[in-house]
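What follows draws every value from the coordinates through simple rules; no lab data is involved. Small disclaimer: the values here were computed from a predicted structure and weren't measured. Cβ atoms come from the backbone with ideal geometry, glycine included; neighbour counts cover every protein chain shown.
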Amino acid sequence: MLLDVLRREGIDVPTLCDHPALEPNGACRLCMVEITKADWDGWKKSVTSCLYPVEDGLIVYTHSPEILEIRRNILDLYLARCPNSDLIQKMAEEHGVLKTSFETLPDGDNCIMCYACTRVCEVLGKCAISAVERGHKKVIASPMGDVPPDCIGCLSCAHICPTDVIPWQDKNGTRTIWNKSFELISCKKCGKKTITRDFADYLLSKRNIPANYFDICDDCKRKDLANKMGELVDGAQEVTL
Amino acid sequence: MRIDSFPKLVKWRKECGKEYTGRKRKVFVCLGEACLANGSQAVFDEFKKVLKKKKLADVPVEAAYKTGCHGFCSLGPLVILEPEGTFYTKVKPRDVEEIVEKTIVNGEHIDRLLYKDKETKERVPDHNHIPFYARQHRIALRNVGKIDPYRIEDYLAVGGYTAIAKALKDMTPQQVIDEVLKSGLRGRGGGGFSTGRKWATCAKVDDEPRYVICNGDEGDPGAFMDRTTMGSDPHSVLEGMMLCAYAVGSKQGYIYVREEYPLAVVTLQNAIDQARESGLLGENILGTDFSFDIKINRGGGAFVCGESSALMKSIAGEVGEPRAKYIRSVVKGLFDKPTVLNNVETFATVPQIIEHGSKWFAGIGTKKSTGTKVFSLAGKINNTGLVEVPMGITLKEIIYEIGGGIPKKRTFKAVQTGGPSGGCLPAEKLDLQVDFDTLTDAGSMMGSGGMIIMDDRTCMVEVARYFLNFLVMESCGKCVPCREGLYQLHKLCTKVCEGKGTMEDIDLMEKMSKTIQTASLCGLGQSGPNPLLSTLKYFRDEFVAHVKDKKCPGGVCRDLITFTITDECTGCMACVKACPVDAISGEKKKVHTIDQSLCTKCGSCFDVCNFDSVKIS
Amino acid sequence: MTPDVKKIEKIIDRNRGDKTALIAVLQDIQREFNYIPPEAITATAGALDVPLSKVYSVATFYNAFSLKPRGKKVIRICQGTACHIKGADLIQEQIEKGLGLKPGETTKDMEYTLEVVNCVGVCAMAPAVLVNEKMHGNVRCEKALDLVKKD
C-alpha cells in the first residue's frame, strides 16, 4: 500500500489505527494524502494511504495545506473525544492543535475506536471481543457485556492499544482482563508467572510445539542454554589445554 | 407450466393478453401501502362481496382486481373503473354498493368521489385528464397500478419478458451492454453513474462467478419509488436483473430489500417463485444456455447499507461497515467477486430500453441525463405521491403543476432533494431544470428522487439539525470524521436552534463540514454535511436570526418562540380542542388565551386556526 | 421466562453452517420471539460457525434487532423527513408522555414498546405511526395516544 512506500522513503505520515501486524482498516483517516497523475490535468484526490494500492506514476502530496488542515481537524475531533489521552494530546500538539474547538464528551474515555484490539484478536483466531452498537454509540465490548468465553487472556488487545485503555492485572497467580480470571502458569524452575494456562493450551493446540514447552519460563530457558553453552566452552578449553 | 422455448412464451403471452384485455369490466382497487393505511383492503373485500351478491350478468366477481400503488397517494383509497378510466378517490367501503349500482350498472358518475381540480373546481371523470397524471411520462412505473403484482400473467399481458426474450434470441451480451450504454441510462439510486459503463467494466473482469445485486434498500427518508416498484411491478425488476446477468455473465442475483418494506418482500418472493415455476428463472432459461436465479436478502434497518460496499457486507451476513473503494466493486464486490449493483428503478427501466431501443430512451430527457425519473412528492404539498417525468423538467412544474402547490395557501420555502446526502433548494431555484448535474451543481443531489417540500412554517436550521441527527444515528461508526464530526456538527446545530449559538459556531460547522466531506471513508460521511451546507448557503439569514436576534423565523425552535392569541379570535374552540396539553382556555365566541406556563410550543393551535388569530413571536 | 430452545434450534437448523445466513436467522428468531434472547445468540454462533462476538456485533448494529423483550404492541413512530416536518416530534412527545416511555423502552406490564424508525415509506401519508404491522397515516398529534391505545 501507498503508506508502506511513504514510510520506506522516510516520509513522516501520522497514523493511529495502523499496525504492522494488522490489515489496514482506514479508521483514523490521519494518513490521508493527496494524489494526482501527470495526465490528470491538475486534478487531485484525497485518499487514505494505508488503503491505496501503489501505482506507477503517482504524484503524492503528504503535507499540502489541505492535508494538514484535515489532520488538524481530525485531531481536534479526537481531542474532544479523548481529552485525557497523552498520545492524542501529543499528536494534536505536534499538529498545532492545543485545545479542542468542541465541547469535550461528557463520558469520553481514551478509546479512539481504532479497532486494533479486535483486529489483533481476530488475527489470533479468537474474536473474543468486537465493536458493538453503531455510530457514535459504538464501543469495544465483550459479547453481551459478559465475560468473553473466547478470551484466553493473552493480553494482545491490551498491549496493542495505542491509548492504553484496556485494563488488566496480574495478581496472586491470577490474571484478570475483560472481567475474566485466568490461571497463570508458574515456571517450574524459578516460579515466575508466565502466560495463562488457556493461552498456553491454545498455542499448543495450534502450533507444533512440545507439550512441556511452557513448563519453564523464557528466562530460565535462556539461562539453561547459556549454562549449556558455558559447559561446552569450558569442555572445549579443557581439551585444548 | 414450464416455458422452455421462445414460441411457448409468445403463445403464453397471447393467452394472457387475451384474458387481460378480454375482461369487460375491471375494477382496480389500489392496495399500495398508503391506500392500505387508508383502508383499501376493506374496500376491495367489499367489492368482492357486493359483486358476488349482485350476480351481474356481464360483471363477474373476479372483476375486482388488486393493483399496486397508483401514485396519487394523498387521495387514497383509489378505485379505477375500466374501460372508461373512471377515477374515484377516497373510497370507503360504504361507497362500494353505490359504485356498483350507479357506475357499473348504469354508467353514471358519482360526483363526490371524482377528483376535484383545485383550480377550476371542476370534477374530472377520468385519470388521464387529471394534471397529476397527464404531465407524467411513465417508463419505470409503466405497469404500476395497472396490473396485479401477484400475477405473472398480468405482467406478460402488458408485454413483460419481451425484452429478455429479445436479448436471448437476437442479441449478444455485448450488444445488450452497448444498447444500455448508448441509451445514456445513469444509475437511479444516487450518484448517477453510467449503467452501461458499470456493466461493461464488470463483463471484462477476468474472474468468476459474477454477481448482480439489486439495491432495494431505499433508505433516503422521503423516497418511496422503489418500494412502490417492488410492490407493484416486481417482475419488471426481475427482468432488468436478468438482462444485466445475461450481459455480464452472471448466474446469481440478489435483491436487498430494506427491513421496513415487508410487503415488497412478499410481492418479490411471489414473483420469483412464479418466474421459477414457469422457467423464466433457473437453469436454461427459454431453452438457451442462460441460467440465472435470484435470492432476496432482507436488510436489518441500517441506512448505511444503501452504500454498495456496506450492502455487500450485509448480504454476506456481516456488520454493514463500508470499505474504501479504491478497488471498485465491479472488480471486487460481493464475496470479493465482480459485482454489478444497480437500484430498483434502474433495473425496472432496463427492459424498456432493450425493447424499444437506446435511441428512443436517449430521445427523452436531457442530453446528459436521458430518460425519465421518478420523484416522490411529500411534505407540505397538495398532491403527495409518485410522479415519473422526463429529466429536465423544472422544479416549478413538478411542485406546482403536478404537485398542485402548497396547501393552505402558504408560501413555498424550500425543496429537499436527495435525502440526507442532498440539500435544500430555495424558491430562486424553482426554475432549475432537474437532472443529475444541475442538482449537484446547485449543492443538492438527485439521490433516489425524494422531494420533500417545505413551506414558511419550516425552520431551515431545524431541518439541518434533523438531518444531522439522522446521520449521527445512522453512521456506522467506523471512521472518525463521520462518527465524531457529524456528532459535533449536530451538537453545534442544536445549540443554534436553542438560541445559544455564536457566529463562531457557524464558522466551525463550515470548516469541519469540509473535512468530513473529504476525509470520510464512504458516501454517507462524504455527503453527510450537504444538508447543512446547502441550508447555510441558501438560508444563512435564518442561522443569523437564531444567533443574533434569538429568533426562529419559521416559528419552530421552541426556545425562541411564544404563541399568543390575538383579539381577532372568533372563539371557535378549534385550538382549544387541538391543544395536546390543555394550555388554551376560553369559551365559545370569546377570545381564547394560552397559558404560557403550560404551553409546549408545539404549534397545533397555529396549524388549526382558520382565522390567523394565533401569532408566533 | 426461558425461550423455547427447540424453537430456536428449528430456526437455526435451516441454515446450519451458512455464515451468510446470520442476519436472516436473527430476523427469523426475532419474528418468533419478538426479540432476540441471549440463548439464541449463543446458539446461532455455534450453529453457523461464527464467533459469538460477531453475532453480537451484528445483533447490535442493525436497528431491526431488539435484545430486550418487547411489548405486545410495538409502536413505531416514523421520523422520516416528511413525517418530521409534519410534526412527528410532537406525536412522539405525546406518546412518550402518555405511555411514560422513551424510544427503545417497554412498559412494565409488557403492553407497549416504543420505537423510532427512519422512514417507513408512506411519506405521502405523513406523519405515520405503525402499531405492530398496522400503518396509520395523517396522524394528528392530539389524537396519537388514543389511536395507539385503541389499536
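Descriptive notes on the structure:
- Cut-off under 5 Å, modelled amide H: who pairs with B:ARG186 long-range: B:THR195, B:THR370
- Modelled spin-label separation between B:ILE110 and B:VAL544, with each label point placed 7 Å from Cα along the Cα-to-Cβ direction: 5.6 nm.
- With a simple spin-label model that places each label point 7 Å from the Cα along the Cα-to-Cβ direction, the separation between B:ASP456 and B:ASP289 comes to 6.8 nm.
- Solvent-free Debye scattering, log10 I(q)/I(0), computed from the Cα coordinates of region B:1-132 at q = 0.16, 0.22 Å⁻¹: -0.81, -1.29
- Sites B:LYS49 and B:GLU498, calculated FRET efficiency, Cβ-Cβ separation with R0 56 Å, nearest 0.05: 0.50
- Surface/4 of the Cα convex hull for region C:92-151, nm²: 4.0
- For region B:130-286, the Kirkwood hydrodynamic radius from C-alpha pairs, put into Stokes-Einstein at 20 °C and a viscosity of 1.002 mPa s, yields a diffusion coefficient of 130 µm² per second.
- Entry note: region B:426-546 has Rg to Rh equal to 0.95, where both radii use alpha-carbon atoms and Rh is the Kirkwood radius.
- Per residue, the convex hull around the alpha carbon atoms of region B:518-570 comes to 137 Å³.
- Over region B:481-551, volume per residue of the alpha carbon convex hull, in Å³: 66
- Dividing the Cα radius of gyration of region B:464-603 by its Kirkwood radius returns 1.14 for Rg/Rh.
- Neighbour-count order for A:ILE177, B:ILE364, fewest beta carbons within 10 angstrom listed first: B:ILE364, A:ILE177
- Bins of 10 Å from zero: percent of alpha-carbon pairs in region B:260-303: 27, 40, 23, 9, 0
- Positive-end ranking of B:GLY404, B:SER421, B:VAL461 along the dipole of region B:307-461, with charges on Cβ about the Cα centre, is headed by B:VAL461.
- Estimated FRET transfer efficiency (B:ASP273, A:GLU9; beta-carbon r; R0 45 Å; 0.05): 0.15
- Using only Cα coordinates, the Kirkwood hydrodynamic radius of chain A works out to 21.5 Å.
- Measure of compaction for region C:1-150 (Cα Rg per 2.2 N^0.38 Å): 1.17
- Counting Lys and Arg as +1 and Asp and Glu as -1 over every other residue whose Cβ lies under 13 Å from the Cβ of A:VAL123, the net charge comes to +1.
- Over region B:90-204, the ratio between the Cα radius of gyration and 2.2 N^0.38 Å evaluates to 1.61.
- Mean shadow area of region B:226-269 over all directions, Cα convex hull, nm²: 3.0
- From the alpha carbon centroid of region B:469-545 to that of region B:160-211 is 38 Å.
- Given R0 = 45 Å, the distance between the Cβ atoms of B:GLU587 and A:GLU103 translates into a calculated FRET efficiency of 0.40.
- Scaling against 2.2 N^0.38 Å puts the C-alpha radius of gyration of region A:66-158 at 1.26.
- Just so you know, the Cα atoms of region B:345-407 work out to an Rg and Dmax of 13.5, 41 Å.
- Note on region B:321-424: lysine pairs with Cα distance below 22 Å, sequence gap of 8 or more or different chains, count 14.
- Inter-part distance, region B:323-349 to region C:74-151, computed on C-alpha centroids, equals 36 Å.
- Relative contact order, whole percent, for region B:472-617 stands at 19, derived from Cα pairs under 8 Å and 6 or more residues apart.
- Translational diffusion of region A:1-135, estimated by Stokes-Einstein from the Kirkwood radius over alpha carbon pairs at 4 °C in a medium of 1.567 mPa s, is 79 µm² per second.
- From the largest down, chain B spans 78, 66, 40 angstrom on the principal axes of its Cα atoms.
- Per-selection Rg to Rh, region A:111-200 - Cα, Kirkwood hydrodynamic radius: 1.01
- Summarising the overall dimensions of region B:203-341 from its C-alpha atoms, the Rg and Dmax are 14.7, 43 angstrom.
- Relative contact order (percent, whole number), chain B, Cα cutoff 8 Å, 6+ residue spacing: 12
- Cut-off under 5 Å, modelled amide H: who pairs with B:LEU341 long-range: B:ILE213
- Cα extents for region B:322-451 along the principal axes, largest to smallest and rounded to whole angstrom: 54, 37, 24.
- Distance from region A:1-27 to region A:60-91 (C-alpha centre basis), Å: 16
- Taking the number of Cβ atoms within 10 Å of each Cβ as an exposure proxy, the fewest-first ranking of B:TRP199, B:TRP12, A:TRP43 is A:TRP43, B:TRP12, B:TRP199.
- The fraction of all Cα pairs in the protein assembly as shown landing in successive 10 Å bins from 0 to the largest distance is 2, 10, 18, 23, 21, 14, 7, 4, 2, 1, 0, 0, 0, 0, given as whole percents.
- Cut-off 11 Å between beta-carbons: net charge of the residues surrounding B:ASP549, Lys and Arg +1, Asp and Glu -1: +1
- One chain, two ends: A:VAL165 and A:ASP41. Fully extended at 0.36 nm per residue, the span grows by 40.0 nm beyond their Cα-Cα distance.
- log10 of Debye I(q)/I(0), alpha-carbon scatterers only, for region C:65-116 at 0.17, 0.20 Å⁻¹: -0.49, -0.65
- When the convex hull of its Cα atoms is viewed from all sides, region A:45-101 shows a mean projected area of 4.6 nm².
- For q = 0.14, 0.19 Å⁻¹, Debye-computed log10 I/I(0) when each Cα of region B:306-391 counts as one equal scatterer: -0.74, -0.94
- Taking the square roots of five times each eigenvalue of the Cα gyration tensor of region A:21-72, the equivalent ellipsoid has semi-axes of 20, 15, 7 Å, listed largest first.
- Mean ellipticity per residue at 222 nm, deg cm²/dmol - from DSSP H runs of n ≥ 4 across chain B, formula -39500 (n - 2.57): -10500 deg cm²/dmol
- Principal semi-axes in Å for region B:198-237 [√(5λ), Cα gyration tensor, largest first]: 28, 13, 8
- Burial ordering of C:VAL139, B:VAL415, fewest other beta-carbon atoms within 10 Å first: C:VAL139, B:VAL415
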